[in-house]
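Engineer: Quick one: the structure is below, questions incoming.
The values are calculated or read from the model by the stated rules, or taken from the named source; none is laboratory data. None of these values were measured; they are calculated from a predicted model. Don't worry about glycine lacking a Cβ; one is built from the backbone with ideal geometry, like all the others, and counts go over all protein chains shown. Note: areas computed on protein heavy atoms with side chains; ligands, DNA, RNA excluded. Shrake-Rupley method; radii C 1.70, N 1.55, O 1.52, S 1.80 Å.
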Amino acid sequence: MKAIDMTKIYSNEKYKGNWVALQDDEQTVVASGKTLKEVMQKSEKKGISHPVVTQIPHEVLPIVGII
(Lines give C-alpha, C1' and ligand atoms only; values in the text may rest on other atoms or scores of the structure.)
Protein backbone atom coordinates (compact mmCIF):
# COMPACT_ATOMS: atom_id res chain seq x y z
CA MET A 1 0.00 0.00 0.00
CA LYS A 2 1.32 3.41 -0.95
CA ALA A 3 1.70 6.08 1.75
CA ILE A 4 -0.74 8.99 1.58
CA ASP A 5 0.50 12.54 2.18
CA MET A 6 -2.17 14.36 4.17
CA THR A 7 0.04 17.37 4.96
CA LYS A 8 -2.21 19.85 3.14
CA ILE A 9 -5.26 18.70 5.09
CA TYR A 10 -3.57 18.57 8.50
CA SER A 11 -1.92 21.98 8.04
CA ASN A 12 -5.10 23.76 6.85
CA GLU A 13 -6.32 25.97 9.72
CA LYS A 14 -10.00 25.60 8.83
CA TYR A 15 -9.87 21.82 9.42
CA LYS A 16 -8.01 21.83 12.76
CA GLY A 17 -10.19 20.36 15.50
CA ASN A 18 -12.91 19.46 12.99
CA TRP A 19 -14.12 16.34 11.22
CA VAL A 20 -13.42 15.95 7.51
CA ALA A 21 -14.89 13.61 4.91
CA LEU A 22 -12.64 12.57 2.04
CA GLN A 23 -13.25 10.97 -1.32
CA ASP A 24 -11.86 7.49 -1.94
CA ASP A 25 -8.52 9.01 -3.03
CA GLU A 26 -8.10 10.21 0.60
CA GLN A 27 -6.80 13.54 -0.72
CA THR A 28 -9.96 15.44 -1.67
CA VAL A 29 -12.06 16.95 1.12
CA VAL A 30 -15.78 16.79 0.32
CA ALA A 31 -17.10 18.11 3.64
CA SER A 32 -15.94 19.40 7.00
CA GLY A 33 -17.63 20.37 10.25
CA LYS A 34 -17.57 20.34 14.01
CA THR A 35 -19.49 17.07 14.37
CA LEU A 36 -19.40 13.73 12.62
CA LYS A 37 -23.15 13.91 12.04
CA GLU A 38 -22.80 17.28 10.27
CA VAL A 39 -20.03 15.97 8.02
CA MET A 40 -21.97 12.84 7.09
CA GLN A 41 -25.07 14.90 6.21
CA LYS A 42 -23.02 17.25 4.01
CA SER A 43 -21.35 14.29 2.29
CA GLU A 44 -24.65 12.58 1.57
CA LYS A 45 -26.03 15.78 0.05
CA LYS A 46 -23.07 15.69 -2.35
CA GLY A 47 -23.86 12.07 -3.26
CA ILE A 48 -21.11 10.43 -1.22
CA SER A 49 -22.74 8.07 1.27
CA HIS A 50 -19.58 6.27 2.49
CA PRO A 51 -16.72 8.81 2.67
CA VAL A 52 -13.41 8.27 4.40
CA VAL A 53 -13.83 10.24 7.65
CA THR A 54 -11.25 11.47 10.14
CA GLN A 55 -10.94 14.08 12.84
CA ILE A 56 -8.07 16.52 12.42
CA PRO A 57 -6.27 17.33 15.70
CA HIS A 58 -5.70 20.92 16.84
CA GLU A 59 -1.97 20.26 16.70
CA VAL A 60 0.11 17.42 15.36
CA LEU A 61 2.45 15.99 17.97
CA PRO A 62 5.23 13.50 17.32
CA ILE A 63 4.82 9.98 18.63
CA VAL A 64 7.92 8.17 19.83
CA GLY A 65 7.86 4.48 20.52
CA ILE A 66 10.23 1.67 21.27
CA ILE A 67 10.29 -1.35 19.01
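Engineer: Can you name the residue in the range 43-55 that is more than 16 Å from LYS14 (Cα to Cα) and among the hydroxyl-bearing types (Ser, Thr, Tyr) and, of all such residues, is surrounded by the fewest Cβ atoms within 10 Å (Cβ to Cβ)?
Structural biologist: SER49
Engineer: Oh, and also: Starting from the range 33-59, take each residue that is touching a residue at least 40 places away in the same chain (Cβ under 8 Å) and list its partners that are open to solvent by 50 Å² or more (accessible area, probe 1.4 Å) and among the basic types (Lys, Arg), counting only C-beta distances under 7 angstrom and pairs at least six apart or across chains.
Structural biologist: As it stands, the answer is ILE56/LYS16; HIS58/LYS16, since those pairs meet every condition given.
Engineer: Take the conditions surrounded by 10 or more Cβ atoms within 10 Å (Cβ to Cβ), touching a His at 6+ places or on another chain (Cβ under 9 Å) and at negative phi and apply them to LYS16. Does it pass? Steps first, please.
Structural biologist: On the way: surrounded by 10 or more Cβ atoms within 10 Å (Cβ to Cβ): yes; touching a His at 6+ places or on another chain (Cβ under 9 Å): yes; at negative phi: yes.
So LYS16 passes the test.
Engineer: Check the range 31-42 and report whether any residue there is closer than 21 Å to GLU13 by Cα, part of a loop (DSSP other than H, G, I, E, B) and hydroxyl-bearing (Ser, Thr, Tyr).
Structural biologist: Yes: one or more hits.
Engineer: What do you reckon, is LYS8 open to solvent by less than 100 Å² (accessible area, probe 1.4 Å), charged (D, E, K, R), within 11 Å of the chain's Cα centre (by Cα) and on the phi < 0 side of the Ramachandran plot?
Structural biologist: no
Engineer: Quick one: in the range 19-30, of everything that is touching a Pro at 6+ places or on another chain (Cβ under 8 Å) and part of a strand (DSSP E or B), which residue is surrounded by the fewest Cβ atoms within 10 Å (Cβ to Cβ)?
Structural biologist: Here the answer is VAL30.
Engineer: Residue check: is TYR15 touching a helix residue (DSSP H, G or I) at 6+ places or on another chain (Cβ under 8 Å) and in contact (Cβ under 8 Å) with a residue 40 or more places away in the chain?
Structural biologist: It is true that TYR15 is touching a helix residue (DSSP H, G or I) at 6+ places or on another chain (Cβ under 8 Å) and in contact (Cβ under 8 Å) with a residue 40 or more places away in the chain.
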